[in-house]
Each structure stands twice: as C-alpha cells, then as structure tokens.
Amino acid sequence: MLDPILILFVGVVVVVGGIIGFKLHPFLALLLAALAVALLTPIEYVEHYFLSKGLSEAEALKQAHKSIGERIGTEFGNTCTKIGILIAMAAIIGKAMLDSGAAEKIIRAMLKITGEKNAPIGFVMSSFFLTIPVFVDTVVFLMMPLAKAMGMRLGKNYLLLALSVIAGAVMANSYVPPSPGPLFLVGALNVPIGLMMVCGTLLGLCTITVGYLIAVFLNKKFDIPLRDSADARLEDIKAIAEKDDKELPALGWALLPAVFPLITICIRSGVEAFHTVNTAYTDFAIINAIIDVIVFFGDKNIAILMGAIFALLVLANQKKTTKDKLTAFVQTALMSGGGIILITAAGGAFGGMLQQSGISGRIADLTKDYQMALIPLAFLITAIVRTAQGSATVALITASGILAGMAQNANLGFHPVYLCLAIGSGAKLIPWMNDAGFWIMCKTSNLTEKEALKTIAPMQSFMGLTGVILTMIAAWLYPMV
C-alpha cells in the first residue's frame, strides 16, 4: 500500500501543478487534488480514519465504502457549514464599509490620533484591524490611494507608507478570524474562535511592529518615489484626501459593523470558558436572561450576520440607498464572497481526503519523540506550499489538512492554537510572481516587480519568521494544556 507521505506528495503536486502549470482556477485544482488523494488512499486507511473518530466498526466500514464522490462532497459540505455564512457576511460588511465611507472614517480617526508625522503607524494599525472583517485585497485597494494621498501631502516617505499598509493587512489575513484563512484553521483544528482572535491579534501586533521597523529600514535604503503623475486615478486620490468629514458616517456607526462581531464573539468565548452549556450562570433570572442574549449574539454566525445588517444600515443611511440598489449591492458583495467560499470548501474537501489517507498519523509517528517539532513543521509545510503555488489561503488549507488529526492529540504538549499561528506565519513566505496578492500590491503601489521583490517579499518573510519564533516561545512558556 502507498505511504501516506507519497499520497500527500501527489496531492500537493496536483494542486501546485494545476494552478501554476495548467493555470487552473484554485477551486478546480483543489477538487482534482482531493480526487487524486481519494483514489490513491486504500480503503483500509479510510476505515481506520473513521474508527479513530470514535465510530463503531460497522459505521466506520459503512462510511469507508461510500463512493469517492460522496466522501469528497461530504467534506466539501462540512467546510461550508463551518465558514459559508461567515465569509458571505464578511463580504457584505467589507463592501458596505467601503462604499459608505465607514472604512475611510476609521482610517482618518486613526490618523488624528497619530498625526501626520506618525502617519505610517496609523496606516499599519488601520490596515491590520480593517483586514479582520474586510478581505485583504479590498483593504489594500482602499488604503493604497490614501497612502498615495499622504505621500503627496508629505512629499516623502511614500515607500514607508505603502509598506505599512501591506504589513498590517497581510498579517491580520493570516492570524485573525473572520479572515478566511484563520477562519478555516479554527474549524479544521477545532480551536475556539475567540481564543484564535485574541492570540492572533496579540501575535499580529508583534509581527506588524517588526514589519514596520523593516519598512523604516527599507525606506531609508531604497529611494522609491510616488509615481503617479500619469495615473488616471490621480484626481480620485486627491478627492479622497480633500473629502469633508461631514460626508462620512459618524465614527461610532463606522466602527459598529466591525466591532460588534469581535466583541460579542469574545464575550461568548469568555462566558463559555467558565460555564458549561445549558447551566444556570447565577441565581438571578434577569442576569441569566442577559447572559443568554449575549451568548446568542456571540454565536459566530449570528454575530457576523448582525455586523452585516449594521453595515447595510450605515450604507443605506449614508447614501439614501433605495431597496433596489441595496439588493443589487448585496448581490455584488455575495458574488465576491462566493468565490472564496468555493475555494475554501474545495480546500476542505482536499484536506478531508488527506486526513483519510492517514497522513496525520504518519507525521505523528515521525514526531512522536518531540511534539514541539510540530510547530516548525507546520510552519515549514505551509511556507513550502505558499512559495510553490502562491496562494496563502491554499497553503493554510493544505497544512491544516495534514496536521488536523494531530491537533486533537491528547498528548500534543501544547494547545493546538499554536499550530494555527505557526501555519499562519508560514503563509507569509515567500510572495512573488505566482501570487495574485503580490500583483495587487505591486500595481496599486506603483512599484516595479524588481522593487516589490526587494521590499514587499523580504518584509513579509521576516514577519512570518518572527511569528513562528514568537509562537514557539509562547508554546514553551504557556502551553495552555
């Protein structure tokens, strides 16, 4: 029978070869990889996998003898169950915050705190927190024109401003739910979403600090000016810089769509950390009722749904949008989120087939004498896949599929949230021409490909290395087991 590592190798080749060699859409490449892995996996491995999940022998045999298409479809559907609503609502929140001016209001509020002198700090912080509810490419599209406007106003330090935008956005995209990658990780590795949000935010703040310092160094090393004299969007950039605050929503309303989900999810996680489900919290009925309401709204699907409703209310109030226009707006937003849902669900199917191949047990055997080796291993696997095929999300999904089984290991030695953080760190190495995000950053910032490889690539890579080092230190000092 084939070794699970060989099956894994075939799966990765299909993903990477499909995306790079045959220019397939990641959705198709991931489904083909799931099919290839399923075809190569002996039925005995599949049966053993279901037995390890606690099923009876009869039920495990029944599941193992389902058709390959049905098993792939089941894993695809299971992933949609975990992330479908979240990503769809996040798409609505992101687009509504952009169109209503809420995101711009948040950025301006940050700049008022930091001042123009410390504008890069404002940009790195704004892009980090905005990327939590808003897709990373959307944040780059939003903030890069503002970085250009600020660069025009200051007449210097444009590279520092541009790199600050990128540094903040890419790290939140790897560490903090409900960004798609981290959102998938918490489901695949069975990590509480609230814990991932807290740990991801703390690690993200550390890594963007390193990214900012690297950006300062690169800004001094390379004299890269703002090249926008022939840009057709120059007038749009100026318009953003000169826009009156009265045309934007109030800061409280601007923050509500993003802050409400974050706060309610964290509160629910805190409540559930001390109380079991369906247990009375206190002897006071009113307090119990209030806590029940908090727990209800702290459900990740409900919280994100409420965030989307608030975002649409802000948009409707700000632009006096008609019902027809609002319907069209939601349709457009859902179309943008739908592609991400399909890619992520196909990745879930691929990861599910990898788990059924026995790869988790195989790697567990290889690392049984030193469990802490799993953290650098998770980082390395993700980094290799990320560099080879370009997509950070695909790299996250692939690594989680390999390591998900071990995350449930009672003898792991540390909390599986550290595996999530290590995988997220590995997804930062090494951005280059096969990465769609690389081109977005390149073109929006007006850097040449050579300049981007000398600035964006090393900055992201150093942030990823910092992330895994800090993760290993934290897992050693605070294993949380």
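The values are calculated or read from the model by the stated rules, or taken from the named source; none is laboratory data. Quantities reported herein were computed from a predicted structural model and do not represent experimental measurements. Here the Cβ is made from the backbone with ideal geometry for all residues, glycine too, and neighbour counts use every protein chain on show. Surface accessibility is based on the protein's heavy atoms, side chains included, excluding ligands, DNA and RNA. Shrake-Rupley method; radii C 1.70, N 1.55, O 1.52, S 1.80 Å.
Brief remarks follow.
- Members of the stretch 420-466 that are more than 21 Å from the chain's Cα centre (by Cα), assigned to a helix (DSSP H, G or I) and surrounded by fewer than 17 Cβ atoms within 10 Å (Cβ to Cβ): Lys443, Glu449, Lys450, Glu451, Lys454
- Selection from the stretch 36-57 of residues that are of a type outside the set (S, T, N, Q), free of Cβ contacts under 8 Å to residues at least 12 places away in the same chain, open to solvent by less than 80 Å² (accessible area, probe 1.4 Å) and not in a helix (DSSP H, G or I): Gly54, Leu55
- Residue check for Ala333: among the small types (Gly, Ala, Ser) and either buried (at least 16 other Cβ atoms within 10 Å of the Cβ) or farther than 30 Å from Gly252 by Cβ (or both): yes
- Every pair of residues 6+ apart whose Cβ atoms lie under 8 Å, when the first sits in the stretch 219-230 and is modelled with pLDDT under 90 while the second is surrounded by 11 or more Cβ atoms within 10 Å (Cβ to Cβ) and among the acidic types (Asp, Glu): Phe222/Glu451; Ile224/Glu451
- Conditions (1) modelled with pLDDT of 75 or more; (2) surrounded by 13 or more Cβ atoms within 10 Å (Cβ to Cβ); (3) within 21 Å of Thr81 (Cα to Cα): number failed by Phe296: (2)
- The stretch 151-161, subset of a type outside the set (A, V, I, L, M) and open to solvent by 30 Å² or more (accessible area, probe 1.4 Å), residue modelled with the highest pLDDT: Asn157
- Entry remark, the stretch 59-98: residues being hydroxyl-bearing (Ser, Thr, Tyr) and touching a residue at least 60 places away in the same chain (Cβ under 8 Å) number 2 in total.
- In the stretch 199-213 there is no residue that is assigned to a loop (DSSP other than H, G, I, E, B) and under 30 Å from Leu354 (Cα atoms).
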